[in-house]
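> Below is one structure. I have some questions about it.
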Amino acid sequence: MTTQENPPVSTGAAPSGARNEASAARAVEQMFDDIAPSYDTVNHVLSGNVDRLWWRWTAQRFRDILARPEATVLDLCCGTGDMVLALRRFSPPDAVPAIGLDFSHRMLALGAKKFAGKGILPIEADALHAPFPDAYFDLVTTAFGFRNLANYQAGLTEIHRILKPGAQFGILEFGEPDGLMGHIYRLYFRYVLPAAGTFISGVEGPYKYLPASVARFPLPKQLMEQMHKVGFTDVSWTPYTFGIAGLYVGRKT
């Protein structure tokens, strides 16, 4: 019998009704297009603005890379851009432009408005088929977007491809805490959050998908094993706020 501590490893996002990776990707894209207008408001309200701290802590983790003006930086699945904006705050004024990539047109359009004058270039593309040459970036990040990829192994492989040797990447993603905090969190995440998210956004499906996608996502140990298999070294996971979220870090050798 499969236990909660050792669930089967999910291979990618599986929205309701998706039959394969292509239909899963289309469903995810449609969901984010649907909730784009209220996305930032819902995130900040339902997290109590703790999400802002998570982005900042993630950016701080890579401050040595970001301090280099010549560092090439990419934020995958950037959504409305809060992660890449947090990264940019640790870069000098003369740094080369960072890139925010997402395949949701409406999310990226909202992000592009925030990027004006901030040295960030928006690119609409699929994270599993990033339009960049091999060994191009010094840093790749993704915040709460990796979980929505149709194929996690392919996502890790693509990140590995576009990183320079010695470069780093970070995945900021939701988790599920243990103990009493975990019990409280699951009640909130599975019942309160979907209802509140649906009420604020006026869209039901995405906020039912969110807790289900977090429950299916690989455990930290499982994802780190996948990272090792792709070829990353110095792999680690740092929990944030009791493990509600956490930062995965790896380096391309």
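The values are calculated or read from the model by the stated rules, or taken from the named source; none is laboratory data. Keep in mind that what you see is a predicted model, and the values were worked out from it rather than measured. Glycine also receives a Cβ, built like all others from the backbone with ideal geometry; neighbour counts cover every protein chain displayed. To get the accessible areas, we keep the full protein, side chains included, count just its heavy atoms, and leave off ligands, DNA and RNA. Shrake-Rupley method; radii C 1.70, N 1.55, O 1.52, S 1.80 Å.
> With just the Cα atoms defining each centre, how far is the stretch 166-197 from the stretch 66-99? Give it in Å.
25 Å
> Separate question: Considering only protein heavy atoms and a 1.4 Å probe, what is the carbon-and-sulfur percentage of the accessible area of the stretch 63-181?
Here it works out to 59 percent.
> State, as an integer percentage, the relative contact order of the chain based on alpha-carbon contacts under 8 Å between residues 6 or more apart.
20 percent
> Would you mind checking the stretch 178-205 for residues with the amide N under 19 Å from a putative spin-label position 7 Å along Cα→C-beta of Ala109?
201-203
> Also: On a full-extension model of 0.36 nm per residue, what is the gain between Thr253 and Lys229, subtracting their alpha-carbon distance, rounded to one decimal in nm?
Working: separation 24, 0.36 × 24 = 8.64 nm, distance 1.27 nm.
Result for the pair: 7.4 nm of gain on full extension.
> Determine, for each peptide in 25-34, 131-140, 71-80, the mean count of other beta carbons within 10 angstrom over its residues, then list the peptides with the highest first. Don't jump to the answer; show the numbers that get you there.
Values: 25-34: 19.2, 131-140: 16.8, 71-80: 25.7.
Highest to lowest by the protection proxy: 71-80, 25-34, 131-140.
> With runs of 4+ DSSP H residues as the only contributors, calculate the mean residue ellipticity of the chain at 222 nm using -39,500 (n - 2.57) per run, divided by the residue total and rounded to the nearest 500. Spell out each step's value before the answer.
Values: 11 runs with 110 residues, N = 253.
Mean residue ellipticity, 222 nm, calculated: -13000 deg cm²/dmol.
> Given the peptides 151-163, 44-56, arrange them by the average over their residues of other C-beta atoms within 10 Å, most packed first.
Ranked from most to least packed, the peptides come out as 151-163, 44-56.
> Further, regarding this structure: For the stretch 1-150, take the convex hull of the Cα atoms, compute a quarter of its surface area, and give me that in nm², please.
10.7 nm²
> Right, here's the next one. So, how do all the Cα-to-Cα distances of the chain break down into 10 Å bins, in percent, from 0 on up?
Bins of 10 Å from zero give 7, 32, 40, 19, 2, 0 percent of pairs.
> Picking from Pro92, Leu74, Met107, whose Cα lies most toward the positive end of the charge dipole for the stretch 64-116 (charges on Cβ: Lys, Arg +1; Asp, Glu -1)?
Checked the options; the winner is Met107.
> How large a share of the accessible area of the stretch 185-249, in percent, is made up of carbon and sulfur atoms when the probe is 1.4 Å and the other protein chains stay in place?
The value for the stretch 185-249 is 64 percent carbon and sulfur by accessible area.
> Then there's this: Can you count the Lys pairs in the chain with C-alpha separation below 26 Å, eight or more apart or on different chains?
On the way: Lys118/Lys164; Lys164/Lys221; Lys164/Lys229; Lys164/Lys252; Lys208/Lys221; Lys221/Lys229; Lys221/Lys252; Lys229/Lys252.
Lysine pair count for the chain: 8.
> Under unit Cβ charges (Lys, Arg +1; Asp, Glu -1), what dipole magnitude, rounded to 20 debye, does the stretch 54-212 have relative to its Cα centre? Mind dumping the intermediate values first?
Values: 16 positive and 15 negative charges, 84 e Å.
Using only the charged Cβ atoms, the result is roughly 400 debye.
> What accessible area per residue comes out for the stretch 1-129, rounded to a whole number of Å², with a 1.4 Å probe?
That works out to 51 Å² per residue.
> Which parts of the stretch 119-154 would a label at Ser236 reach, counting a residue when its backbone N lies under 18 Å from a point 7 Å out along Cα-to-Cβ?
Answer for the stretch 119-154: 139-142.
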